[in-house]
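Please read the structure below before turning to the comments.
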Amino acid sequence: MDAAGAYGGGKAGAPFDPMQFVQRPQVILRGLCLLFAIIVFGCISSQGYAFDEKEYYCLYNRDSNACNYGIGIGVIAFLASIGFLVGEFMFEQMSSVKTRKHYVLGDLGFSGFWAFLYFVGFCYLTNQWSQAEDPPGGIGANNIRAAIAFSFFSIFTWAGCAWFAFQRFRQGSEAAFAPSYEADPGAIPGSTPYSSYPVGQDVDGGYQDPPFSGNQTRGAVGTDFQAPAY
(Lines give C-alpha, C1' and ligand atoms only; values in the text may rest on other atoms or scores of the structure.)
Protein backbone atom coordinates (compact mmCIF):
# COMPACT_ATOMS: atom_id res chain seq x y z
CA MET A 1 0.00 0.00 0.00
CA ASP A 2 1.39 3.39 -0.97
CA ALA A 3 2.37 5.64 1.93
CA ALA A 4 2.65 8.84 -0.08
CA GLY A 5 1.41 11.60 2.19
CA ALA A 6 -0.03 9.12 4.73
CA TYR A 7 -0.42 10.43 8.32
CA GLY A 8 1.05 13.81 7.53
CA GLY A 9 4.32 12.49 6.10
CA GLY A 10 5.81 13.00 2.69
CA LYS A 11 6.25 10.43 0.00
CA ALA A 12 8.49 7.53 1.01
CA GLY A 13 11.92 7.68 -0.60
CA ALA A 14 11.93 11.46 -1.05
CA PRO A 15 15.30 13.19 -0.57
CA PHE A 16 16.04 14.33 2.99
CA ASP A 17 15.99 18.08 3.61
CA PRO A 18 17.74 19.02 6.89
CA MET A 19 16.28 22.53 7.01
CA GLN A 20 12.75 21.29 6.51
CA PHE A 21 13.31 18.61 9.14
CA VAL A 22 14.44 20.97 11.91
CA GLN A 23 11.56 23.35 11.15
CA ARG A 24 8.87 20.77 11.80
CA PRO A 25 6.76 21.61 14.87
CA GLN A 26 7.11 18.02 16.08
CA VAL A 27 10.90 18.21 15.94
CA ILE A 28 11.02 21.58 17.69
CA LEU A 29 8.79 20.32 20.51
CA ARG A 30 10.87 17.13 20.83
CA GLY A 31 13.99 19.25 21.18
CA LEU A 32 12.34 21.26 23.96
CA CYS A 33 11.20 18.06 25.68
CA LEU A 34 14.77 16.79 25.54
CA LEU A 35 16.18 20.03 26.94
CA PHE A 36 13.62 20.31 29.74
CA ALA A 37 14.17 16.67 30.72
CA ILE A 38 17.91 17.28 31.09
CA ILE A 39 17.24 20.32 33.30
CA VAL A 40 14.73 18.49 35.50
CA PHE A 41 16.74 15.38 36.31
CA GLY A 42 20.06 17.26 36.17
CA CYS A 43 19.01 19.84 38.77
CA ILE A 44 17.61 17.25 41.16
CA SER A 45 20.43 14.76 40.85
CA SER A 46 23.18 17.39 41.20
CA GLN A 47 21.91 19.56 44.07
CA GLY A 48 18.61 18.03 45.11
CA TYR A 49 20.17 16.34 48.13
CA ALA A 50 21.85 17.64 51.26
CA PHE A 51 23.91 15.91 53.93
CA ASP A 52 23.30 16.11 57.63
CA GLU A 53 25.20 14.36 60.39
CA LYS A 54 23.76 10.97 59.49
CA GLU A 55 22.84 10.68 55.79
CA TYR A 56 21.88 12.38 52.58
CA TYR A 57 18.30 13.54 52.39
CA CYS A 58 16.11 15.00 49.66
CA LEU A 59 15.54 18.73 49.79
CA TYR A 60 11.89 18.19 48.92
CA ASN A 61 10.78 17.98 52.54
CA ARG A 62 13.14 15.03 53.09
CA ASP A 63 10.92 12.95 50.83
CA SER A 64 13.18 10.66 48.82
CA ASN A 65 10.24 9.60 46.68
CA ALA A 66 9.89 13.16 45.39
CA CYS A 67 13.50 13.26 44.24
CA ASN A 68 13.26 9.79 42.73
CA TYR A 69 10.06 10.68 40.92
CA GLY A 70 11.54 13.85 39.42
CA ILE A 71 14.70 12.08 38.33
CA GLY A 72 12.78 9.10 36.97
CA ILE A 73 10.36 10.97 34.75
CA GLY A 74 13.20 13.22 33.58
CA VAL A 75 15.50 10.36 32.55
CA ILE A 76 12.73 8.44 30.78
CA ALA A 77 11.57 11.63 29.03
CA PHE A 78 15.16 12.23 27.90
CA LEU A 79 15.48 8.75 26.38
CA ALA A 80 12.00 8.90 24.86
CA SER A 81 12.72 12.27 23.27
CA ILE A 82 15.80 10.86 21.58
CA GLY A 83 13.78 7.88 20.36
CA PHE A 84 11.02 10.05 18.94
CA LEU A 85 13.54 12.33 17.23
CA VAL A 86 14.97 9.27 15.51
CA GLY A 87 11.41 8.26 14.64
CA GLU A 88 10.74 11.67 13.10
CA PHE A 89 13.91 11.28 11.05
CA MET A 90 12.79 7.85 9.82
CA PHE A 91 9.12 8.79 9.39
CA GLU A 92 9.51 9.89 5.79
CA GLN A 93 11.24 6.60 4.96
CA MET A 94 8.42 4.43 6.30
CA SER A 95 6.89 2.96 3.16
CA SER A 96 4.16 1.07 5.03
CA VAL A 97 0.99 2.84 6.09
CA LYS A 98 0.58 0.44 9.02
CA THR A 99 4.06 1.28 10.29
CA ARG A 100 3.29 4.98 10.21
CA LYS A 101 -0.01 4.37 11.95
CA HIS A 102 1.65 2.40 14.76
CA TYR A 103 4.28 5.11 15.20
CA VAL A 104 1.65 7.87 15.35
CA LEU A 105 -0.47 5.94 17.86
CA GLY A 106 2.60 5.25 20.02
CA ASP A 107 3.52 8.92 19.90
CA LEU A 108 -0.01 9.94 20.83
CA GLY A 109 -0.31 7.54 23.76
CA PHE A 110 3.15 8.11 25.24
CA SER A 111 3.13 11.90 24.85
CA GLY A 112 -0.29 12.25 26.42
CA PHE A 113 0.64 9.95 29.29
CA TRP A 114 3.91 11.75 29.95
CA ALA A 115 2.22 15.12 29.96
CA PHE A 116 -0.02 13.75 32.71
CA LEU A 117 2.99 12.41 34.66
CA TYR A 118 4.70 15.77 34.47
CA PHE A 119 1.54 17.41 35.77
CA VAL A 120 1.52 15.01 38.71
CA GLY A 121 5.22 15.63 39.25
CA PHE A 122 4.80 19.39 39.22
CA CYS A 123 2.04 19.22 41.82
CA TYR A 124 3.97 16.73 43.91
CA LEU A 125 7.27 18.62 43.91
CA THR A 126 5.60 21.97 44.51
CA ASN A 127 3.70 20.65 47.49
CA GLN A 128 6.77 19.05 49.06
CA TRP A 129 8.94 22.10 48.47
CA SER A 130 6.37 24.40 50.06
CA GLN A 131 6.61 22.33 53.26
CA ALA A 132 10.37 21.83 53.22
CA GLU A 133 12.95 23.60 55.36
CA ASP A 134 15.41 25.94 53.73
CA PRO A 135 18.52 24.02 52.65
CA PRO A 136 21.74 24.72 54.58
CA GLY A 137 23.25 27.91 53.25
CA GLY A 138 20.60 28.05 50.54
CA ILE A 139 22.62 25.60 48.44
CA GLY A 140 20.46 23.82 45.92
CA ALA A 141 17.40 26.02 46.31
CA ASN A 142 17.68 27.44 42.81
CA ASN A 143 18.06 23.98 41.33
CA ILE A 144 15.00 22.76 43.18
CA ARG A 145 12.94 25.68 41.89
CA ALA A 146 14.27 25.16 38.36
CA ALA A 147 13.22 21.51 38.42
CA ILE A 148 9.70 22.55 39.45
CA ALA A 149 9.50 25.26 36.79
CA PHE A 150 10.67 23.06 33.93
CA SER A 151 8.39 20.25 35.06
CA PHE A 152 5.59 22.75 34.53
CA PHE A 153 6.90 23.72 31.09
CA SER A 154 7.22 20.06 30.13
CA ILE A 155 3.47 19.60 30.61
CA PHE A 156 2.82 21.83 27.61
CA THR A 157 5.62 20.50 25.40
CA TRP A 158 4.49 16.90 25.81
CA ALA A 159 0.84 17.89 25.44
CA GLY A 160 1.79 19.70 22.23
CA CYS A 161 3.47 16.55 20.93
CA ALA A 162 0.30 14.59 21.72
CA TRP A 163 -1.79 17.18 19.89
CA PHE A 164 0.30 17.00 16.71
CA ALA A 165 0.22 13.20 16.88
CA PHE A 166 -3.58 13.35 17.13
CA GLN A 167 -3.70 15.63 14.09
CA ARG A 168 -1.58 13.14 12.17
CA PHE A 169 -3.80 10.26 13.19
CA ARG A 170 -6.98 12.11 12.19
CA GLN A 171 -5.47 13.05 8.85
CA GLY A 172 -4.51 9.42 8.20
CA SER A 173 -7.95 8.18 9.23
CA GLU A 174 -9.74 10.62 6.93
CA ALA A 175 -7.49 9.60 4.03
CA ALA A 176 -8.13 5.91 4.72
CA PHE A 177 -11.91 6.30 4.55
CA ALA A 178 -11.95 8.71 1.60
CA PRO A 179 -13.70 7.28 -1.52
CA SER A 180 -11.26 6.08 -4.16
CA TYR A 181 -13.75 6.01 -7.06
CA GLU A 182 -14.77 8.85 -9.36
CA ALA A 183 -18.27 10.19 -9.10
CA ASP A 184 -20.78 9.76 -11.92
CA PRO A 185 -20.50 12.80 -14.20
CA GLY A 186 -24.29 12.85 -14.48
CA ALA A 187 -24.54 13.28 -10.68
CA ILE A 188 -22.28 16.31 -10.57
CA PRO A 189 -24.17 19.61 -10.45
CA GLY A 190 -23.79 21.54 -13.69
CA SER A 191 -22.72 18.53 -15.75
CA THR A 192 -24.61 17.14 -18.72
CA PRO A 193 -26.36 13.84 -17.98
CA TYR A 194 -26.16 10.94 -20.35
CA SER A 195 -28.92 11.00 -22.99
CA SER A 196 -30.78 7.87 -23.99
CA TYR A 197 -30.64 6.45 -27.51
CA PRO A 198 -33.28 8.14 -29.68
CA VAL A 199 -35.63 5.30 -30.52
CA GLY A 200 -37.21 5.71 -33.93
CA GLN A 201 -35.22 8.86 -34.75
CA ASP A 202 -33.28 9.13 -37.96
CA VAL A 203 -29.63 10.12 -38.03
CA ASP A 204 -30.50 13.32 -39.86
CA GLY A 205 -32.88 14.42 -37.14
CA GLY A 206 -36.15 13.21 -38.61
CA TYR A 207 -38.25 10.26 -37.55
CA GLN A 208 -38.45 7.11 -39.63
CA ASP A 209 -41.79 5.70 -40.63
CA PRO A 210 -42.87 2.37 -39.16
CA PRO A 211 -42.22 -0.68 -41.35
CA PHE A 212 -44.66 -1.25 -44.21
CA SER A 213 -46.49 1.93 -43.33
CA GLY A 214 -45.55 3.57 -46.62
CA ASN A 215 -46.86 0.74 -48.77
CA GLN A 216 -50.06 0.49 -46.81
CA THR A 217 -50.69 4.19 -47.10
CA ARG A 218 -50.00 4.30 -50.80
CA GLY A 219 -52.19 1.25 -51.42
CA ALA A 220 -55.04 2.71 -49.46
CA VAL A 221 -54.91 6.23 -50.85
CA GLY A 222 -53.42 6.01 -54.36
CA THR A 223 -55.33 2.95 -55.80
CA ASP A 224 -58.77 1.31 -55.49
CA PHE A 225 -59.15 -2.20 -54.31
CA GLN A 226 -59.77 -4.73 -57.15
CA ALA A 227 -61.17 -8.17 -56.62
CA PRO A 228 -58.99 -10.98 -57.97
CA ALA A 229 -60.17 -12.72 -61.17
CA TYR A 230 -60.42 -16.50 -61.05
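The values are calculated or read from the model by the stated rules, or taken from the named source; none is laboratory data. Model, not experiment: these values are computed from the prediction. Glycine gets a Cβ as well: all are built from the backbone with ideal geometry, and neighbour counts include every protein chain shown.
Of note:
- Exactly one residue out of A37, A66, A80 is touching a strand residue (DSSP E or B) at 6+ places or on another chain (Cβ under 8 Å), at pLDDT 90 or above, part of a helix (DSSP H, G or I) and crowded, with 19+ Cβ neighbours inside 10 Å, and it is A66.
- Index of the failed condition, L79 passing every other in (1) touching a residue at least 12 places away in the same chain (Cβ under 8 Å); (2) under 24 Å from P18 (Cα atoms): (1)
- Qualifying positions in the stretch 94-148 - aliphatic (A, V, I, L, M), surrounded by fewer than 17 Cβ atoms within 10 Å (Cβ to Cβ) and not in a helix (DSSP H, G or I): I139
- If the condition is being surrounded by fewer than 18 Cβ atoms within 10 Å (Cβ to Cβ) and assigned to a helix (DSSP H, G or I), then the stretch 40-63 contributes S45, S46.
- Flag for I28 being touching a Phe, Trp or Tyr at 6+ places or on another chain (Cβ under 7 Å) and farther than 19 Å from P135 by Cα: no
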